[in-house]
Each structure stands twice: as C-alpha cells, then as structure tokens.
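Below is one structure, written out as structure tokens, with a few remarks after it.
The values are calculated or read from the model by the stated rules, or taken from the named source; none is laboratory data. The structure displayed is predicted, hence computed values, not measured ones. In this analysis, Cβ positions are derived from the backbone assuming ideal geometry, glycine residues included, and neighbour counts consider all displayed protein chains.
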Amino acid sequence: MVIRKLFKFENAHIVRNCSSRRCSRSIHGHSYRVEIFFESDFLDRGQMVYDFGLTKLYIKDVIDSFDHAITLWSQDDPEYLKDMKKWSERWVELPVSPSAEQYSRVIFLMVDKVLKNTVMKNREKNVTLKSVIVHETDTGYAHCSLEDVHNKNMGEIRLEEIIFSNAVKNEWNDPLMWEKLIRGEKLENPEFV
C-alpha cells in the first residue's frame with residue numbers, strides 16, 4: 001500500500017547553467033509543494049502504513065529547512081555564496097544545483113535517511129520511501145524514485161556535504177538532528193504525537 005503526505009515551502013535560488021536567462025542569472029523564488037510517498041506491505045497497530053502525525057517531526061524538520069530560505073549550490077561563485085550567507089539568516093547549501101530535479105533527489109535522500117534511522121514504536125514494518133514529487137510551479141514538477149537517487153549521470157549527492165545554517169538548525173526539534181543522522185545515530189519516534 002502507498003500513502004502520500006504533502007508539504008509546502010517558500011524558497012529562493014538561482015539555477016546556474018540552465019537555458020532560461022531569468023532562472024540562471026537572477027535570484028527568484030517559488031512556492032514549492034512536496035509530495036512524499038511511503039510504501040509498506042504491513043499495517044501498524046493503528047492499521048496504518050505510517051502515522052501522518054509522525055511526519056510532523058523529523059521529516060517535516062528537514063523539508064521545512066528550505067522554507068523562507070535561500071538554497072545555494074556549493075560550486076557557485078564563492079563571493080556570491082559568502083554574500084548570500086551574510087545577508088540571509090536561513091540558507092541551505094547543496095552539492096548539486098537547486099533545480100526541481102535535484103531538490104527531488106535531495107529530499108528523497110534526506111527523508112529516506114530519516115526513515116531508515118527512526119526507531120519505530122507502533123509496530124510499523126517495512127516502511128520505505130517510494131518516491132518524491134517536487135512541484136516548483138503549478139504546471140511543472142520533478143518526480144524522483146530510488147533509481148534516480150543513485151543515477152550517477154545525474155550527479156552524486158553526499159548527505160554529509162549538505163550544510164544548513166545555524167538559524168535553520170536551531171528551529172529543528174533537535175538542533176543536532178542532521179549531525180546525528182550523518183553519524184548513523186537513531187532518532188526516537190514518540191509513542192504519542
């Protein structure tokens with residue numbers, strides 16, 4: 001069975017080297033919608049694949065990291081990166097360009113990492129991330145599956161190269177969440193949310 005959870009965030013970026021001059025040369029923003037699809041062949045004690053209430057914890061925190069922030073590409077001009085970090089309190093730096101396609105791959109990897117490192121408490125079993133859809137506009141989106149995440153032709157994404165500003169981390173339920181995930185530490189799902 002597949003279930004879906006929708007998240008939203010407002011974000012600014014530049015997508016260098018794309019065909020559109022506006023997109024590649026000017027900071028601009030979008031109202032993103034992110035659809036996360038979970039799958040399992042089991043149901044928990046509440047007869048659910050995964051309680052939607054649980055997505056409001058760590059998964060919401062990682063996706064909300066992009067809200068009212070600027071997303072930067074680590075390979076962009078160093079002076080631009082420095083200025084954006086100076087003038088924006090909330091930023092996320094990625095090892096890939098922040099296109100809708102790469103957002104979908106990054107978010108897939110981040111949510112998958114959270115899911116795999118979460119201690120389940122309600123007999124959830126075999127819950128996996130099936131896919132992620134990132135709507136950049138009302139008319140366009142990128143749809144990512146596991147095969148896309150590991151496709152070397154699309155660029156390697158190493159989670160330890162994703163950097164969050166302190167302002168972003170300080171708003172998480174656990175400001176050390178990302179460091180714990182990178183080290184492979186387990187996150188506790190509460191029994192009741």
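Report, by residue number, each residue of segment 156-193 that is exposed (fewer than 13 other Cβ atoms within 10 Å of the Cβ), touching a residue at least 60 places away in the same chain (Cβ under 8 Å), in a loop (DSSP other than H, G, I, E, B) and not β-branched (V, I, T).
Matches in segment 156-193: E156, R158, N173, G184, E185, K186, P190, E191.
Name every residue in segment 140-173 that is under 22 Å from K121 (Cα atoms) and modelled with pLDDT of 95 or more, in order of residue number. First the steps, then the outcome.
First, pick out the residues of segment 140-173 that are under 22 Å from K121 (Cα atoms): 172-173.
If the condition is that a residue be under 22 Å from K121 (Cα atoms) and modelled with pLDDT of 95 or more, then W172 is the only one that fits.
Contact list please: Cβ distance under 7 Å, first residue in segment 8-19 and more than 8 Å from D67 (Cβ to Cβ), second residue of a type in the set (A, V, I, L, M) and part of a strand (DSSP E or B), pairs at least six apart or on different chains.
The qualifying pairs are A12/I70; H13/I70.
So, in segment 44-69, of the ones that are of a type in the set (G, A, S) and not in a loop (DSSP other than H, G, I, E, B), which residue ends up surrounded by the most Cβ atoms within 10 Å (Cβ to Cβ)?
So in segment 44-69, the residues of a type in the set (G, A, S) come out as 46, 53, 65, 69.
Imposing the further condition that a residue be not in a loop (DSSP other than H, G, I, E, B) reduces the set to 53, 69.
Values: G53: 13, A69: 22.
If we take residues in segment 44-69 being of a type in the set (G, A, S) and not in a loop (DSSP other than H, G, I, E, B), then A69 is surrounded by the most Cβ atoms within 10 Å (Cβ to Cβ).
Is it the case, given these coordinates, that L72 is closer than 20 Å to L109 by Cα, at pLDDT below 95 and surrounded by 12 or more Cβ atoms within 10 Å (Cβ to Cβ)?
Values: closer than 20 Å to L109 by Cα: yes; at pLDDT below 95: no; surrounded by 12 or more Cβ atoms within 10 Å (Cβ to Cβ): yes.
So L72 fails the test.
Assess whether F108 counts as being among the aromatic types (F, W, Y), over 19 Å from R4 (Cβ atoms) and surrounded by 13 or more Cβ atoms within 10 Å (Cβ to Cβ).
Numbers: among the aromatic types (F, W, Y): yes; over 19 Å from R4 (Cβ atoms): no; surrounded by 13 or more Cβ atoms within 10 Å (Cβ to Cβ): yes.
Spelling it out, it is not the case that F108 is among the aromatic types (F, W, Y), over 19 Å from R4 (Cβ atoms) and surrounded by 13 or more Cβ atoms within 10 Å (Cβ to Cβ).
Pairs needed: first member in segment 135-155, under 10 Å from R105 (Cβ atoms); second member anywhere, of a type in the set (A, V, I, L, M) and assigned to a helix (DSSP H, G or I); C-beta distance under 8 Å; at least 6 residues apart or different chains.
A142/A100; C144/I107; D148/M154; V149/L109
Here's a check for you: in segment 20-38, which residue that is touching a residue at least 12 places away in the same chain (Cβ under 8 Å) and farther than 30 Å from K116 by Cβ is surrounded by the fewest Cβ atoms within 10 Å (Cβ to Cβ)?
Step one: list which residues in segment 20-38 are touching a residue at least 12 places away in the same chain (Cβ under 8 Å), which gives 26-38.
Keeping just the survivors that are farther than 30 Å from K116 by Cβ gives 26-29.
Working: S26: 9, I27: 11, H28: 12, G29: 11.
Filtering segment 20-38 for residues that are touching a residue at least 12 places away in the same chain (Cβ under 8 Å) and farther than 30 Å from K116 by Cβ, the one surrounded by the fewest Cβ atoms within 10 Å (Cβ to Cβ) comes out as S26.
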